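What follows is a short report on a single structure.
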Amino acid sequence: MWEYTDKVKDHFLNPRNVGVIDDADGTGEVGSLACGDALKLTFKLDDNGKINDAKFQTFGCASAIASSSALTEMLKGMTLEEAEKITNDDIAAYLGGLPKEKMHCSVMGRDALEKAIVCYRGEPEKKIEGEIVCECFGVTDLEIERVIKENG
Amino acid sequence: MNIIYLDNNATTQVAPEVLEEMLPYFSEFYGNPSSMYNFAGQTAHKLEEARSKVASLLGASSEEIVFTSCGTESDNTAIQTAILSNPDKKHIITTRVEHPAVKNMGEYLSGKGYRVTSVPVDSKGRLDLDYLYKNLSDDTAIVSVMWANNETGVIFPIEEIAQAVKEKGIVFHTDAVQAVGKIPIDVSSTSVDMLSISGHKLHGPKGIGVLYVRKGTKFFPFMIGGHQEGGRRGGTENVASIAGLGKACELAAAHMEEENTRVKALRDRLESELLKRIPNAKINGDTDNRLPNTTSIGFDYVEGESILLMMNELGICASSGSACTSGSLEPSHVLRAMGVPFTAAHGSIRFSLSVYNTEKDIDVVIEKLPPIIQRLREMSPFCEAGNLKLET
Amino acid sequence: MNIIYLDNNATTQVAPEVLEEMLPYFSEFYGNPSSMYNFAGQTAHKLEEARSKVASLLGASSEEIVFTSCGTESDNTAIQTAILSNPDKKHIITTRVEHPAVKNMGEYLSGKGYRVTSVPVDSKGRLDLDYLYKNLSDDTAIVSVMWANNETGVIFPIEEIAQAVKEKGIVFHTDAVQAVGKIPIDVSSTSVDMLSISGHKLHGPKGIGVLYVRKGTKFFPFMIGGHQEGGRRGGTENVASIAGLGKACELAAAHMEEENTRVKALRDRLESELLKRIPNAKINGDTDNRLPNTTSIGFDYVEGESILLMMNELGICASSGSACTSGSLEPSHVLRAMGVPFTAAHGSIRFSLSVYNTEKDIDVVIEKLPPIIQRLREMSPFCEAGNLKLET
Ligand SMILES: Cc1ncc(COP(=O)(O)O)c(C=O)c1O
Ligand SMILES: Cc1ncc(COP(=O)(O)O)c(C=O)c1O
Ligand code: FES
Ligand code: FES
């Protein structure tokens, strides 16, 4: 059975900020239909460089939807420097925890955010280091190690 | 909350008549059937009564019925006994769409030096019979093909396959866990050597199964212990559950017609109404050869777990892929073997009905599911209104 | 007829509290614990609750508990997994007095190229430990020694044996089917790697068992199928029986003191009164190290089946040899291993009590058995009055 917290269920059943910001400052897309999980994240900054709106679209399980919804809520009011520091653990913590086999669903949100920030700054896409071990949304072994470390 | 249970291929409720049959064998007639005194003789007689009821549902004779602890044990036993009976043969044939109880036995054996042929299926889930027949060889110890698939309900032509296999003198086993009780089966008119049943798929208890073993089939026990089951399965007999399974088989025979008329009509209505109301929805599997109670429907651009969870909020129980693989995140091996596109495989939901379902159950699903799919599609990055159209 | 049930080592009645615990999981909460919806979550939670109750009776932790379908499956699994984990080792050690679930596994393996050492016992049924230790070798894949013998009740020094075996880095398994629930057991303070339980020996249902597997022990599933039991045992979980077994373990802990005081006192009175009243009667086995509920008594010059049948007429249930081998005409392999003379082995009766027995039950046997033995002896050509004398 799902061992989801009430917070996860709430964000799944009543997701916040679904959609796409038309004139977004940053857009990040990860995953693909083929892998069964995909996420599109868009954000808009205010005059002080803080995120004043964020929206998502997700194709994925309940954890992925809830994580995306949570992430967009967390982002609002943050500077990009603050936003960059969000880990998938933070997203899970915001939701009161995720089942351990579902922790990876929150990784997708973090990755989309990273991409969206890179996109905003106009930096060239970071060359992916490590070997791609998960065909779905291109998770690398290094990334998985990082996530494992972050998750203690 | 009122539960609408449409997951009868995962497990079924124990029929009230079955539970009643079981009750005396816990605290009242609890003797060990192997014991010599009269008090235990009652349990031994009950075993034989149940055995003959099971035999009768299958068109078998009582001596051909071996009670096991579940469908998985029946499958494991069949394959293991064929291997032990043919120590020189190092090849087995099975299919891409078997339950893990057969599939993982194949994988285990392939790690032990066996060559394992997995027969492919086409996009409708139909077996490539030529492929199967071409691969029969002097080295083949056993062919194991399920009678009906648990995820799509597709029925395979077991009589035909069994005959072709037997003509080559090869042992043939069928996992009939999903077929028994849903469609009429008469082993006596087939060339099937062994056949697996699981109690909890036909309103019997969990934790009881049967392996039918045709008279004359070479047999070695898988569960090694005492002399129970005519030396074919060690372990004190699970009297209460065996009594229950006997009753369940009797009931299944009595309900066979209802299953293939009323239940089938419910399934058909559910299916056609959902296809009518939800764009980009497609049935998985061969609708011409299908269990009467099962439908698997793929909804493009949405993900199965999300659909299940939203239905869960309304008390509707169904599954995506088989229960055994949910909890894993891969689309089911059955749908992948059929080449169902990822867009639909991830969003496939199986509804499996039973005689306990009502028109009202179906009404609720027909009303509630379309808006759920729509909401989820609105969240999906792949889905734009222009993509969607109704199947016609 | 009123039944006096003194065959609790063959099987036990399901405790009323256990049955009550099981009942909701047949027709009400029947969901498959692997399913995702809340309706099935109730069954998944019940499994975990039961698991922790079993763990607590054993001094184990929940993750170390694997549910199986019976004691036989637990024994088979333990031996099979040790074999698979040590593919290069071709030797196993067990004893002459094991239950067929272990003994026949040994015979099966000896047909597969394994060397099997069976440790002998002395006339009191005590193991020759030196023999066991001398035979430990680099080639030994597993040592399997039962905790207590089902026929005589003799308890083996498992803690000591486990430690000696582990010092050599060899896997140690114990069939504790007869010990668990009757004597206190705390695996955490031993070096036991695996331990078998069977539900129906401790007032749980038939057809459910446990294999304790110490954390860190290399494990391969014996029952190959779905991902249940953390990938360690395929097959849909037998929720009702698992719930019942959890409750039975809780009750066993609560009754442990009564078992070792009141039940033991009943057994002792039965034994001493019978020996006082029946000449040429002798206890089989080491009375200093014995289960509190069991006595095996040999009556010279008479045959066990005849005694059982005459007791049967009075509603008294007991056994000669183990239930698994009754139906065969050979004296039990346990008594033969102990070198019990044929005159006594053939006429040996096992009484095994439980907390449900009363003083009255014992009164009846004390009154009725002596004349039965006398009558049979009067028919026996071996028996002349002059042969007979009371043990003192
Ligand atoms: C010592 C011992 N081991 C194993 C078993 C087998 O248990 P089950 O009948 O549940 O398979 C029994 C009882 O039959 C037993 O007494
Ligand atoms: C086709 C098929 N075979 C085997 C099984 C295994 O049965 P059980 O869970 O009783 O071991 C199942 C159901 O789980 C099934 O659907
Ligand atoms: S996003 Fe893929 S399983 Fe959660
Ligand atoms: S005379 Fe009947 S068993 Fe020997």
Test set (1) among the aliphatic types (A, V, I, L, M); (2) within 14 Å of chain C (Cβ to nearest Cβ); (3) farther than 19 Å from B:I4 by Cβ - B:V302 fails condition number: (2)
Residue, farthest from the chain's Cα centre (by Cα), within segment C:284-304, restricted to residues that are closer than 15 Å to C:F342 by Cβ and among the charged types (D, E, K, R): C:D300
Test: residue in segment C:81-93 that is in contact with a helix residue (DSSP H, G or I) (Cβ under 7 Å, 6 or more places away or on another chain), within 11 Å of another protein chain (Cβ to nearest Cβ) and not aromatic (F, W, Y): no
Residue in segment C:253-273 that is without any contact (Cβ under 8 Å) to a residue 40 or more places away in the chain, in contact with a Ser or Thr (Cβ under 9 Å, 6 or more places away or on another chain), hydroxyl-bearing (S, T, Y) and away from ligand 2 (no atom under 16 Å from the Cβ) present: no
Scan of segment C:320-337 for residues that are within 16 Å of ligand 1 (Cβ to nearest atom) and at pLDDT 85 or above, ordered by number: C:S320, C:S332, C:H333, C:V334, C:L335, C:A337
Scan of segment B:109-159 for residues that are closer than 19 Å to B:V177 by Cβ and within 14 Å of another protein chain (Cβ to nearest Cβ), ordered by number: B:S144, B:M146, B:N150, B:E151
Of the criteria (1) among the small types (G, A, S); (2) surrounded by fewer than 24 Cβ atoms within 10 Å (Cβ to Cβ); (3) in contact (Cβ under 8 Å) with a residue 24 or more places away in the chain, which one C:A101 fails: (2)
Check on A:K44, more than 15 Å from ligand 3 (Cβ to nearest atom), more than 14 Å from chain C (Cβ to nearest Cβ), in contact with a Gly (Cβ under 9 Å, 6 or more places away or on another chain) and part of a helix (DSSP H, G or I): no
Any chance C:V66 is assigned to a loop (DSSP other than H, G, I, E, B), more than 16 Å from ligand 3 (Cβ to nearest atom) and among the hydrophobic types (A, V, I, L, M, F, W, C): no
When residues of segment B:54-63 are limited to those that are out of contact with any Lys or Arg (no Cβ under 7 Å at 6 or more places or on another chain) and not in a loop (DSSP other than H, G, I, E, B), the one farthest from the other protein chains (Cβ to nearest Cβ): B:S56
Conditions (1) assigned to a loop (DSSP other than H, G, I, E, B); (2) in contact with a strand residue (DSSP E or B) (Cβ under 7 Å, 6 or more places away or on another chain); (3) surrounded by fewer than 23 Cβ atoms within 10 Å (Cβ to Cβ); (4) not hydroxyl-bearing (S, T, Y); number of the one not met by B:F29: (2)
Hits in segment C:161-185 - residues which are aliphatic (A, V, I, L, M) and either within 10 Å of the chain's Cα centre (by Cα) or within 16 Å of ligand 4 (Cβ to nearest atom) (or both): C:A176, C:V177, C:A179, C:V180
B:T72 closer than 25 Å to C:T236 by Cα, part of a strand (DSSP E or B) and within 14 Å of another protein chain (Cβ to nearest Cβ): no
Search result, residues across segment C:291-306 that are assigned to a helix (DSSP H, G or I) and modelled with pLDDT of 95 or more: none
Flag if B:V171 is among the aliphatic types (A, V, I, L, M), touching a helix residue (DSSP H, G or I) at 6+ places or on another chain (Cβ under 6 Å), more than 23 Å from B:T68 (Cα to Cα) and more than 16 Å from ligand 2 (Cβ to nearest atom): no
Filtered residues of segment B:195-214 (kept if at negative phi, buried (at least 24 other Cβ atoms within 10 Å of the Cβ) and not aliphatic (A, V, I, L, M)): B:S196, B:S198, B:G199, B:H200, B:K201, B:G204, B:P205, B:K206, B:G209, B:Y212
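The values are calculated or read from the model by the stated rules, or taken from the named source; none is laboratory data. Everything numeric here is computed off the predicted structure, so don't read it as measured data. Quick reminder, even Gly has a Cβ in these numbers, built from the backbone with ideal geometry, and neighbours come from all protein chains shown.
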